[in-house]
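Remarks on the structure that follows.
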Amino acid sequence: MKSVLKWFIIIMTIIIFLYAFSSSYYSQNIDHLDYVIALGIDKLPNSDNLSVTFEFANLGSFSENSSSEQTEPIINTIIAPTIPNALTIMNAYIGKQLNLSHCKVIAFSEDFAKTGILDEVSFLTHNIQIRPTTNVVVTDCNAVDYLKHSTSSLEQVLTKYYDIFPTSSEYTGYTSNIPLGRFYENLLDINSGAVTILGSLVENADSKNENPSSSNSQNSDVSVPSKSNNTSKSSDTNNNSNKENESTKMDNKNTITKTIQNNKQDYQSFDPKSAISEGDRGAENMGLAVFKDDKYVGSLSTIETLCYSLLKDEVDNFVLTITSPFDEAEKVDIKVGDLSQLKTDIDISKDTPVINIKFNLTAEVINVLDNQNTPYDKTLEKLNFALKEYLTEEFKSYLYKTSREYNSDINEFYKIAKRKFITNSDFSNYDWANKYETAEFNIEFNEDIISTLIIRHEGDRV
């Protein structure tokens with residue numbers, strides 16, 4: 001009897017182990033999965049369908065027998081009514097199960113973002129595979145073109161680039177790290193606005209990689225039947241990549257913004273967006289896309305993005321190039337750092353909120369000044385005046401643009417204003433979302449931003 005019981009236990013143990021290990025192997029085997037590293041979402045013109053682009057990691061590049069040279073990512077496009085439908089069709093098309101846990105970037109085209117993207121963002125946020133740290137990008141071109149041109153020989157693994165490019169905001173301020181979770185939270189907040197990274201193609205991007213020669217690259221389009229007559233090919237979206245952005249006229253509430261821009265001094269900064277980029281990467285990430293509710297309403301330039309980053313305390317240091325106060329034909333490079341958090345106070349005693357902001361910055365001139373005839377103290381005085389004048393005008397221009405033109409509190413000043421109210425109902429009755437449209441701004445800086453380290457033309461350090 002004991003021997004029968006012993007063999008029964010042994011057999012049952014073997015069956016349990018075989019079942020457990022065979023099930024685990026079958027469901028988790030890497031050969032049964034395809035890893036999506038980026039998603040691109042475009043709106044088909046004259047159609048209710050979406051063009052959903054999947055960028056896959058090329059697992060062949062990680063094999064022992066593969067070469068060390070860069071391999072092109074695999075890009076496939078599905079035309080479907082919704083993102084869940086596109087995921088299902090892609091699963092059937094590739095014959096493997098999609099895995100979104102390594103998705104680094106979700107790119108929306110500007111045209112699609114203008115129509116409202118809350119449903120799509122909500123689905124992606126609640127997908128258990130997509131991490132809340134995934135970055136969101138709005139592109140001024142088609143999302144599929146943005147993904148195709150994001151490769152570069154500088155990175156052997158594209159996911160590494162997608163991981164690190166948002167961190168450049170810490171030392172440039174020209175973009176920001178906008179994860180999916182934060183973007184979704186701001187979309188739902190009625191008092192604030194939301195921003196995402198602004199992606200675009202460089203001027204000569206269309207002439208690059210038009211015919212990828214790599215044998216590892218794959219670009220294919222898959223469409224599904226639809227009631228619309230214009231959903232046969234995803235290439236229809238590519239013909240729309242050079243479409244001009246619609247311009248909107250400024251109404252009466254933009255008067256302050258116009259006045260500031262017309263009254264700017266001659267201390268103009270170099271705008272990095274005007275530079276011509278040359279290289280093997282055809283896409284760049286500079287500037288921010290602004291949302292009101294869940295609709296894209298406009299973009300921020302690199303200088304405006306720098307203002308946003310400073311107000312959010314997301315940039316450690318940055319470099320400005322302004323016109324020299326000593327010679328209009330010369331430029332001065334100034335490296336600026338943040339000494340401490342800015343101080344913001346909001347006066348809500350009147351119907352129009354007044355937002356007072358004080359910065360505490362430090363800076364140094366990093367090139368040689370050709371002004372040896374100017375006394376040292378006067379040199380510092382003129383440089384400080386020029387820098388503060390320029391920064392003041394840029395900050396006011398940016399802030400009045402967010403309030404008058406976009407009516408979107410993307411810097412979340414409402415959180416500071418809310419402290420002034422005893423109850424949440426009192427704050428709700430104040431109606432901050434509409435009050436922000438009329439807000440006034442005062443900008444102040446510490447007395448001496450530039451205090452030392454000026455190099456003269458003759459090489460003498462003063």
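The values are calculated or read from the model by the stated rules, or taken from the named source; none is laboratory data. Keep in mind it's a predicted model, so treat the numbers as computed, not measured. Glycine gets a Cβ as well: all are built from the backbone with ideal geometry, and neighbour counts include every protein chain shown.
Counting only strands (runs of 3 or more DSSP E) that sit wholly inside the range 76-142, not one has at least 3 residues that are without any contact (Cβ under 8 Å) to a residue 24 or more places away in the chain, within 18 Å of residue 55 (Cα to Cα) and touching a helix residue (DSSP H, G or I) at 6+ places or on another chain (Cβ under 6 Å).
Out of 305, 321, 352, I need the residue that is touching a residue at least 12 places away in the same chain (Cβ under 8 Å), over 23 Å from residue 404 (Cα atoms) and either assigned to a loop (DSSP other than H, G, I, E, B) or hydroxyl-bearing (Ser, Thr, Tyr) (or both). Which one? Give the derivation first.
On the way: 305 fails: over 23 Å from residue 404 (Cα atoms); 352 fails: over 23 Å from residue 404 (Cα atoms).
321 is the lone residue from the list that is touching a residue at least 12 places away in the same chain (Cβ under 8 Å), over 23 Å from residue 404 (Cα atoms) and either assigned to a loop (DSSP other than H, G, I, E, B) or hydroxyl-bearing (Ser, Thr, Tyr) (or both).
Each residue in the range 327-347 was checked for being farther than 16 Å from residue 446 by Cβ and buried (at least 17 other Cβ atoms within 10 Å of the Cβ), and 2 of them qualify.
Is it true that residue 370 is surrounded by 13 or more Cβ atoms within 10 Å (Cβ to Cβ) and either modelled with pLDDT of 95 or more or more than 21 Å from residue 447 (Cβ to Cβ) (or both)? Write out each step before concluding.
Details: surrounded by 13 or more Cβ atoms within 10 Å (Cβ to Cβ): yes; either modelled with pLDDT of 95 or more or more than 21 Å from residue 447 (Cβ to Cβ) (or both): yes.
Here the answer is yes, as residue 370 does meet what is asked.
Is at least one residue of the range 79-89 surrounded by 17 or more Cβ atoms within 10 Å (Cβ to Cβ) and closer than 21 Å to residue 200 by Cβ? No, every residue in the range 79-89 fails to be surrounded by 17 or more Cβ atoms within 10 Å (Cβ to Cβ) and closer than 21 Å to residue 200 by Cβ. Restricted to the range 378-433, and to residues there that are among the acidic types (Asp, Glu) and assigned to a helix (DSSP H, G or I), the residue that is modelled with the lowest pLDDT is 381. Just to be sure before I move on: is residue 278 at pLDDT below 90 and surrounded by 21 or more Cβ atoms within 10 Å (Cβ to Cβ) in the structure I sent? Taking the combined requirement at face value, the residue does not satisfy it. What do you reckon, is residue 154 buried (at least 16 other Cβ atoms within 10 Å of the Cβ) and modelled with pLDDT under 90? The answer is no for residue 154. If only residues of the range 49-66 that are at pLDDT below 90 and farther than 18 Å from residue 160 by Cα are counted, the one that is surrounded by the most Cβ atoms within 10 Å (Cβ to Cβ) is 66. Restricting the first member to the range 177-194 and to residues that are within 16 Å of residue 415 (Cα to Cα) and in contact (Cβ under 8 Å) with a residue 24 or more places away in the chain, and the second to residues that are of a type in the set (S, T, N, Q) and assigned to a helix (DSSP H, G or I), the beta-carbon pairs closer than 8 Å and six or more apart or on different chains are 192/186; 193/186; 193/402; 194/186.
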